[in-house]
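Nothing in this text is a laboratory measurement; each read-out follows from the coordinates by a stated rule. Quantities reported herein were computed from a predicted structural model and do not represent experimental measurements. Positions of Cβ are backbone-derived with ideal geometry, glycine not excepted, and every protein chain shown enters the neighbour counts.
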Amino acid sequence: MAYHSYIVCQALKKLGGDLKDARRRRRIKAELMAERLGVTRSTLDRMEKGEPSVGIGTYLTAIYSLDPDKLTEFVNLFSREKDVLGQTISDRELPQRIRGSSKL
C-alpha cells in the first residue's frame with residue numbers, strides 16, 4: 001500500500017467533497033455522474049470521499065464534466081507562466097557571463 005501524506009489526504013478529501021457538492025448543486029444523480037465518468041457507483045463514492053486509490057483521470061474527468069474551464073485552470077497550474085518558484089530557481093542559475101562568438 002502506498003504512503004500518502006496527511007496534507008495530500010486532506011486535499012483529496014476536500015476535492016472529493018467539493019466535487020460531490022458541485023454535482024449535487026447541478027442536480028446530477030450519482031448514477032448519471034458515474035456513467036459520465038465511465039466508473040462504477042462505488043468508484044464515484046470513493047472519489048467523492050477523496051480516497052487516494054481513485055485514479056487522477058477519474059478526478060480530472062469529473063472536473064471536466066462539471067466545469068470544463070476548471071480543468072483548463074488545473075492543467076495550467078505549473079505552466080511556465082504560473083510557475084513562479086521554478087522561474088526564480090531558473091533565474092538564479094542563469095550564467096553571469098556568456099563567452100564565445102555569437103552567431104546571429
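A few notes on this one:
- Residue that is part of a helix (DSSP H, G or I) and more than 28 Å from residue 4 (Cα to Cα), where the choices are 44, 60, 32: 32
- Any hit, region 17-24, residues being within 19 Å of the chain's Cα centre (by Cα) and among the hydrophobic types (A, V, I, L, M, F, W, C): yes
- Flag for residue 27 being at positive phi and among the charged types (D, E, K, R): yes
- If only residues of region 1-52 that are touching a helix residue (DSSP H, G or I) at 6+ places or on another chain (Cβ under 7 Å) and of a type in the set (Ser, Thr, Tyr) are counted, the one that is surrounded by the most Cβ atoms within 10 Å (Cβ to Cβ) is 43.
- Annotation note: Cβ proximity below 8 Å between a residue of region 32-51 that is at positive phi and a residue that is outside any helix (DSSP H, G or I) and of a type in the set (A, V, I, L, M) (sequence gap 6+ or interchain) occurs for no pair.
- Pairs, first over 27 Å from residue 23 (Cα atoms) in region 67-85, second not aliphatic (A, V, I, L, M), C-beta under 8 Å, six or more apart: 80/86; 80/87; 82/76
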